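Worksheet for the structure shown next.
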Amino acid sequence: MTPADLGFGRLFATIRDAVIVTDVVSGRIVLSNPAASTMLGYSADELAGQSVAAILPNYGRIIDDSEPIELVAVRKDGVEISVDATLSALDHPAHEGSYTMAVLHDLSARRAAEDAERGRSDQELLRREEQRELGQLRQIVDTLPIPVLLTDAQGQLIVRNKAAEHLRYAGPTRSAREAAGAGAICHIDGTPYEVEERPLIRALHRGEVVVGEQVLIPAGPSSMIPVLVNAAPVRGPDGHILGVVASFENITAIKELERQKADFLAAAAHDLRTPVTSVKGLVQLLQRRLHRRKSLDQPVLETLQKIGWATDRITRVIDQVLDVARMEMGEPAALHLAQTDLVALLSGLVAEAGILYPDHEVALETNLAELPATVDGPRIERVISNLLVNAAKFSPDGGPIRLTLRQEADSAVISVEDRGIGIPPDELATIFERFQRASNVRDKKISGTGIGLTYAQEMVKLHGGTISVESREGQGSTFTVRLPLKAVC
């Protein structure tokens with residue numbers, strides 16, 4: 001069948017919308033225009049004879065001479081497209097009532113435009129929402145009393161709050177001159193940071209979360225202030241680091257309080273030293289007089305010996321407090337190195353501990369007759385005394401305390417082992433921190449200052465050595481000190 005057969009003129013081929021003519025009885029397409037082939041992907045010959053229901057599954061919903069109705073048309077490749085469909089009966093004398101003509105208008109372009117408009121609207125809404133949230137975040141951050149800043153992935157400053165406006169942020173420099181020169185941040189003891197060790201650089205390059213690190217930052221051309229730095233990487237959905245957020249808390253007031261506390265401790269220690277020295281002197285005087293008179297009253301001599309050891313113990317505590325006070329004020333402890341026999345030093349401590357802690361069996365185990373080492377004898381004595389005191393204190397039910405000494409190459413290895421309450425496994429990593437005390441110690445209300453192990457670690461480090469601990473809660477602890485026989489300091 002041709003268009004002319006149905007009375008269509010030449011305009012049939014030029015209609016932009018798809019036109020298909022269907023035999024009402026058979027429901028098959030008998031004629032289509034070129035636009036129908038373009039829309040549906042069939043040639044005119046392929047469309048001829050096709051069931052209209054295969055092309056328009058909901059063809060029956062079209063009402064004759066009705067307003068256009070939106071339907072789904074199925075292309076040859078199976079892709080479904082939205083169309084507006086209008087149905088008309090053909091009014092031709094020879095074919096009246098035998099055929100219908102459906103005009104299909106492709107809605108794809110309109111749908112794409114609508115989708116694009118919705119996308120633009122959604123993007124605009126999203127942009128406005130982001131701006132609103134960013135504005136709220138800025139308001140919140142600006143109200144914070146501490147400086148906060150945000151950098152990008154290159155370490156360049158993006159945002160800072162009002163409290164951070166005075167900070168001199170120089171960015172992630174690689175300049176050795178800047179790292180060591182004016183404007184460089186420093187450790188709390190005043191030594192400049194290596195560039196890669198700066199808190200923000202560690203967060204940016206290593207993904208490290210820095211919490212509560214004390215640093216000195218420039219406050220002027222020639223002044224520095226102590227601050228507490230927190231820095232963390234900001235990551236995207238894929239895990240990549242997009243930047244760093246950091247906060248800086250001025251701890252000048254806290255450091256001043258620490259300095260005052262250290263001054264107080266130093267003054268108190270000095271005041272205590274005088275009477276203790278007097279007691280020690282009187283004990284020694286009484287001991288000499290008893291020996292000269294050959295009045296060897298053993299109970300009296302033992303009592304005087306105990307008093308002497310007790311004053312030695314108090315003196316060591318006072319000296320330790322003075323050292324801690326100096327460390328609090330940032331003053332490095334000066335070691336007084338001398339040749340010291342570690343066997344003799346430890347033997348004296350064991351003899352003293354045996355008198356002071358009668359409920360414990362304190363013993364020294366070594367196969368060495370002597371072991372000379374170049375150390376600060378009094379300070380190493382205080383370190384080992386701390387460990388022995390802890391071993392006795394944290395073994396409230398008594399039991400053996402084993403002190404061992406051996407030589408490994410150019411080092412002396414000293415261990416103090418007890419069978420006391422031990423240390424919870426999750427607290428071993430922090431046991432050497434200042435004022436840190438294990439939770440099971442607090443539960444048992446065992447007294448202590450929490451500075452003995454910190455002091456021990458600092459003194460051993462000054463000698464170029466190490467101190468470590470192995471412990472099982474409820475079974476005891478072993479502290480091991482390794483000292484070079486010739487101190488490296």
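Output the peptides 350-358, 389-397 sorted from most to least packed, where packing is the average of other Cβ atoms within 10 Å over each peptide's residues.
Numbers: 350-358: 16.3, 389-397: 18.7.
So the peptides 350-358, 389-397, ranked by packing, come out 389-397, 350-358.
I'd like to know which of 184, 88, 268 lies farthest towards the positive end of the charge dipole of the chain, counting +1 on Cβ of Lys and Arg and -1 on Cβ of Asp and Glu.
268
Taking all pairs of distinct Cα atoms, average 1/r, flip it, and tell me the Kirkwood hydrodynamic radius of segment 335-489 in Å to one decimal place.
Numbers: mean 1/r = 0.0639 Å⁻¹.
Evaluated on segment 335-489, it is 15.7 Å.
Under a point spin-label approximation (7 Å from Cα along Cα-to-Cβ), what is the residue 297-residue 339 distance to one decimal in nm?
In this crude spin-label approximation the distance works out to 4.3 nm.
Given the pairs 255/486; 255/306; 261/461; 162/461; 162/255, which are separated by over 32 angstrom at their Cα positions?
Values: 255/486 35 Å; 255/306 40 Å; 261/461 24 Å; 162/461 42 Å; 162/255 24 Å.
255/486; 255/306; 162/461, as the Cα separations exceed 32 Å there.
For the residues 198, 402, what sequence is obtained by ranking on other C-beta atoms within 10 Å, fewest first? Please report the intermediate quantities before stating the final value.
On the way: 198 23, 402 17.
By the 10 Å Cβ count, ascending: 402, 198.
In whole Å, what three semi-axes, largest first, describe the equivalent ellipsoid of the chain built from its Cα gyration tensor (square root of 5 times each eigenvalue)? The partial results should precede the final answer.
Numbers: eigenvalues 1770, 154, 72 Å².
Calculated on Cα positions only, the semi-axes equal 94, 28, 19 Å.
Which aspartates and glutamates, if any, have their Cα less than 19 Å from the Cα of residue 280, not counting same-chain residues under 8 positions apart?
271, 302, 312, 319, 352, 381
On full extension of the chain, what length is gained from residue 156 through residue 77, given 0.36 nm per residue of separation minus the C-alpha to C-alpha distance? If you can, show how the numbers build up before the last one.
On the way: separation 79, 0.36 × 79 = 28.44 nm, distance 5.30 nm.
Extra length available between residue 156 and residue 77 comes to 23.1 nm.
To the nearest 20 debye, what charge dipole does segment 310-442 have about its Cα centre, counting +1 at the Cβ of each Lys and Arg and -1 at the Cβ of each Asp and Glu?
Details: 12 positive and 21 negative charges, 63 e Å.
So the magnitude is around 300 debye.
Which residue, chosen from 471, 367, 237, occupies the Cα position most advanced towards the positive end of the dipole of the chain, where the dipole is computed from +1 (Lys, Arg) and -1 (Asp, Glu) charges on Cβ about the Cα centre?
With unit charges placed on the Cβ atoms, the residue in question is 367.
Please order 463, 270, 105 by the number of other Cβ within 10 Å, starting at the fewest. Walk me through the numbers before you get to the answer.
Numbers: 463 24, 270 13, 105 17.
Neighbour counts put them in this order, fewest first: 270, 105, 463.
How large is log10 of I(q)/I(0) for segment 280-396 at q = 0.13, 0.15, 0.23 Å⁻¹ when the intensity is taken from the Debye formula with one equal scatterer per alpha-carbon?
-0.66, -0.85, -1.30
What order, most packed first, do the peptides 51-57, 414-420, 233-239 have when packing is the mean number of other Cβ atoms within 10 Å of each residue?
On the way: 51-57: 17.3, 414-420: 22.4, 233-239: 11.4.
Put in order of decreasing packing, that is 414-420, 51-57, 233-239.
How do 244, 195 line up, fewest other C-beta atoms within 10 Å first?
Values: 244 26, 195 16.
With the sparsest Cβ surroundings first, the list reads 195, 244.
Let's see if you can work this out: charge +1 on each Lys and Arg Cβ, -1 on each Asp and Glu Cβ, no other charges. What is the dipole magnitude of the chain about its Cα centre, in debye to the nearest 20?
3240 debye
State, to one decimal in nm, how far the label point of residue 406 lies from the label point of residue 211, with both points 7 Å from Cα in the Cβ direction.
3.8 nm
Going by average Cβ density within 10 Å per residue, which order do the peptides 70-81, 108-119 take, highest to lowest?
Details: 70-81: 13.4, 108-119: 10.4.
Output ranking for 70-81, 108-119: 70-81, 108-119.
Taken together, the values in this text are just the output of simple stated rules run on the coordinates, not laboratory data. Note that this is a predicted model, so its numbers are computed, not measured. Please note: Cβ atoms are built from the backbone with ideal geometry, for glycine as well, and neighbour counts cover all protein chains shown.
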